[in-house]
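The values are calculated or read from the model by the stated rules, or taken from the named source; none is laboratory data. These numbers come from a predicted model, not from an experiment. For neighbour counting, all protein chains shown are included, and Cβ atoms are generated from backbone atoms with ideal geometry for every residue, glycine included. What goes into the accessible areas is simple: the full protein's heavy atoms, side chains included, and nothing from ligands, DNA or RNA. Shrake-Rupley method; radii C 1.70, N 1.55, O 1.52, S 1.80 Å.
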Amino acid sequence: MIKPRVRAEGVCKSFRRKSAKGGWRALSAGVFSRSREAPLWALREVSFEVAPGQMLGIVGANGAGKSTLLRLLGGIGRPTTGTVRVEGRIGALLELGGSFQGDLSGRDNAMLAGVVAGLLRSEVRERMAAIIEFAELEDFIDAPVRTYSTGMAMRLAFAVAVHTDPEVMLVDEHLAVGDLAFQAKCAARIAALRAEGCAIVLVSHGMDQVKNLCDRALWLRHGEMVLCDSAAVVAEAYQEEMREESLRRTPEAPMKTTPEGTVLRARENRIGSLEMEITSVVLRPGPRIASGAPLELEIAYHAPVPIGAPVFVVSISSKDGAVCMDTNTQAGNVTLPDLFGRGSIRLTLERLDLGAGAYFVDVGVFASTWSHAYDYHWHAYHLNVEGLAGHKGLLAPPCSWMLGDVPAPGGCERVGAAVSMG
Amino acid sequence: MMTATDTPKLQGPGRRWRHGRDLVRVLVDRDLKILYKRSSLGFGWALITPLMQLFIFVFVFRRALAVQIPNYSSYVFTGVLVFGWFQSSLSQAGGLITNSKSLVTQPGFPLVLLPHVTVCVRLFHLALALPILFALLWGQGMRPGMPWLALPLLVIVQYLLIAGLAYPLASLNVIFRDTQHIVGVILQLMMFVTPVFYSLGMVPEGMRNWFYLNPMVGMVECWRAVLMENRWPDPGVVAGLLAFGATLLFVGRRVFVSQSHRFIEEL
C-alpha cells in the first residue's frame, strides 16, 4: 500500500475563549493555564488520509473549521488531541500574498516568499526566471508590490508556491482568483504537480470546483465530519442539504406578484430566507425568442440589510425537467461586492441554441458559502423558443450537411460535393 | 527552465543550517529595505539618532555641567553605540512574534530565527556608525593596537546577551502585550544605570558593585578599554558575560521553542 502523504487521526482542536480584558488576567491565565470557561471546539474527531497524487477538497459553511484544519495540516498550531502527520515539503497558499511587503519589489518578495517556503537563496535565484514567466509579470517584477493589483499579487504568490517543489500543497480558495487563462494555467500546473506525486488539500466554497478538480471531498459542519467520500457524492449531498436548509429558512411570506405579473408563493415556487429578495426578472427581447437568438436576463434585487458577496444563479430547464443550462456568478468568475439596497444584475447569453419548445428559467441568489438560498424562484419564468419545424431535441445549433466521397484511409480532410440544408 | 538538479541537492542538517542562514539574510535585507526605501535620507537615519545623542550629551555634560572625562566625545559615542545596539534590539524584541503574523502563519517557518533577524539588523546599524566612531577616536589621538583583535569577541558576547534576552521577551509579549511597553521603560531607565555619559568612577564606592548587576556596565567598559585605552578587556568580565549570555540564550531559546505552538493560538 502507498503511504499517505497526509494523515489526520481523530484530530480535535479547542480554543480557549479569548478574554477581552487581556492584561494581567490574561497573563495569569497564560502562566497558570487555568481557564474556567468551557473551551470552544473548532474541530472534533476529524480523520482522513491523502495519498500522493490525490486531491482532497474541504467544504463547509463559514466557521465550520476548514481553515483551522488546513492550518493544523501546515503545522501551524497543534491539535488538542489526535495526530496530524504530513510527509514531505509543504507548499501553502493560505493567505493571499500573506507575507508580501508592499514597499519591496516583486523580485524581492518572490525571493523572500521562496526562502520562507523552504528554498535556499541559490535555489530561488535559479527558478526566478521561471517564476516571473509563470506569473506573467516580466514588465512589473521590479516595481513595488504595493502598485500591483490583487490579481498580480496573487499570480506572484501562486507562481512562487508551485515552484518550491512541494510534496504537499495546502490551498485556501485561491484558484478562483485571476483571469480564465491564468486559471487554466494553474489547473495545468496543479495537474502536473499531482502527476509528480504531490498531495493537494483544497479548501473551497465552490462546489463545481470541488467536483471538477478533487478526487475526494471532506464536508465539515461545526467542526465535525459530516461526510468524507468521492467528490461527486459529497457535492451531491451538500447541495441536497442546501435545498433543505433553504426550505427550512423560508418564512411564511404573503403571495407576491412581480411587476411583470408573475405570482410568487413561498414554499411553492419560491424558497429562501428572504434576507435578500429578487424583485423582478425581465427577459429580453422577451419571453418568446427565436432559436439561436441572444437572450438577456435582468434580475432586480432588494437587500434591506447588507449581504456579503452573494451568488446569483440562473438555470434553464425544459418542461420535462432536463437542465439545459446552469450557471452562476461564481462559475462565471464574478465576485460580487457586498450588496445593500436596490440594484440589478444582468446575464447576457450571446446565443441560445435551444430547440423549439417551452422552457423554465429559474433564478436565485445564494449565500456566498452556498449554505442556503436567500431567494430562489423555481419555474416562475417561462421562456418559449421558436424554431424551424422538423428539428427535435433540446439543442438546435446551426448545422449543415455535406455529401462526400469514400473517406481516404487515415484521413478525413477530403471534401466532396456539398449539400447544404438550412 | 533550469531545474533544481543544476546544483547538488543539500540534505539533512547541512541544508537546514544553510536555509536558516539564508532566511535570516533575506529577512534582514527585507527589514533594512523597508526601513529606508521610502525615506529620502535612507541609511542616513541610522546615524541620526546616535549623532543627536552624542551632541546632546557632549553639550549638556561637557559644557553645562563641566564633566571631567578625557576625550569625552569618543567616550560618549562608544557608550551610545554599544548601548544603542542593546536598547534598539530589545525594544523591538517584544513585538517580534506579535508583529510578524504573516510569517508565523507560514507552514514550517522557523520562528526561532526571528530574534536573530532583529539583532542582526541592529548590528548592521552599529556597523554603519563605526566609521564615525573610528574617525572620532583618530581625531582625539587614539590609534588601533593589538587589543582591537578582541573586538569580534566583544561583538559575539554582546550578541549572545541580546539574543538571550530577546527570546523570553518575545515569548512573554505574546500572552502579555504590556511587555513591550514595560521593556521600553526599563530600557530607558537602564541607560541611566549604565555609564554611557558618566564614568563609574563618579559613583560612590558603596554603590559601584550593585551597578555590575547590569550586564551592560561590564560590556560598555570592555569596549572602552579596547577602543580608548588600547588595553585588553578584563578576561574575568568577558568570561562572566560570555557564560551569562550563553546560558540566557540556551534557556531562553528552550522556553521559546517549547512555547512556540501556543503563539499561533494567541495571535
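Just a yes or no: is a residue in the stretch B:63-86 hydroxyl-bearing (Ser, Thr, Tyr), touching a residue at least 60 places away in the same chain (Cβ under 8 Å) and under 26 Å from B:Val257 (Cβ atoms)? So far as the stretch B:63-86 goes, no, none of its residues is hydroxyl-bearing (Ser, Thr, Tyr), touching a residue at least 60 places away in the same chain (Cβ under 8 Å) and under 26 Å from B:Val257 (Cβ atoms). Being open to solvent by 70 Å² or more (accessible area, probe 1.4 Å), closer than 30 Å to A:Glu45 by Cβ, under 23 Å from the mean Cα position of the chain (by Cα) and of a type outside the set (A, V, I, L, M): is that true of A:Arg243 here? So A:Arg243 fits the description; yes.
There is at least one residue in the stretch B:69-81 that is outside any helix (DSSP H, G or I) and open to solvent by 40 Å² or more (accessible area, probe 1.4 Å). Scanning the stretch A:264-315 for residues that are out of contact with any strand residue (DSSP E or B) (no Cβ under 7 Å at 6 or more places or on another chain), of a type outside the set (A, V, I, L, M, F, W, C) and within 13 Å of A:His377 (Cα to Cα) yields A:Arg265, A:Arg267, A:Glu268.
A residue that is assigned by TED's automatic domain parsing to the domain that holds A:Val124, modelled with pLDDT of 90 or more and open to solvent by 60 Å² or more (accessible area, probe 1.4 Å) can be found somewhere in the stretch A:175-195.
Condition check for A:Val305 on (1) open to solvent by 40 Å² or more (accessible area, probe 1.4 Å); (2) touching a Pro at 6+ places or on another chain (Cβ under 9 Å); (3) not acidic (Asp, Glu): one failure, at (2). Across the stretch A:80-103, the number of residues qualifying as more than 10 Å from chain B (Cβ to nearest Cβ) and open to solvent by less than 30 Å² (accessible area, probe 1.4 Å) comes to 1.
Counting only residues that are open to solvent by less than 60 Å² (accessible area, probe 1.4 Å) and closer than 22 Å to B:Thr105 by Cβ, the stretch B:240-257 holds 1 of them. Within the stretch B:143-158, can you find the residues that are surrounded by fewer than 19 Cβ atoms within 10 Å (Cβ to Cβ), assigned to a helix (DSSP H, G or I), out of contact with any Lys or Arg (no Cβ under 8 Å at 6 or more places or on another chain) and not hydrophobic (A, V, I, L, M, F, W, C)? Passing the criteria: only B:Pro152.
Listed by position, the helices (runs of 4 or more DSSP H) contained in the stretch B:168-241 that have at least 3 residues being over 30 Å from B:Ser100 (Cα atoms) are B:205-211, B:215-229. Between B:Val76, B:Val82, B:Val67, B:Val60, the distinction of being at pLDDT 85 or above and either within 14 Å of chain A (Cβ to nearest Cβ) or over 16 Å from the mean Cα position of the chain (by Cα) (or both) belongs to B:Val76 only.
For the stretch A:115-147, filtering for residues that are at the interface with another protein chain (Cβ under 9 Å from one of its Cβ atoms), closer than 28 Å to B:Leu114 by Cβ and not aliphatic (A, V, I, L, M) leaves 7. Among what's in the stretch A:59-80 and is more than 11 Å from A:Arg221 (Cβ to Cβ) and in a helix (DSSP H, G or I), pick the residue that is nearest to the chain's Cα centre (by Cα). So, considering only residues that are more than 11 Å from A:Arg221 (Cβ to Cβ) and in a helix (DSSP H, G or I), the one nearest to the chain's Cα centre (by Cα) is A:Ser67. Against the conditions (1) free of Cβ contacts under 8 Å to residues at least 24 places away in the same chain; (2) more than 12 Å from the chain's Cα centre (by Cα); (3) open to solvent by 50 Å² or more (accessible area, probe 1.4 Å), B:Ala127 satisfies every one except (2). Residue pairs whose Cβ atoms lie under 7 Å apart, separated by 6 or more positions or on different chains, with the first residue in the stretch B:238-267 and at positive phi and within 14 Å of chain A (Cβ to nearest Cβ) and the second assigned to a helix (DSSP H, G or I) and open to solvent by 60 Å² or more (accessible area, probe 1.4 Å), do not occur.
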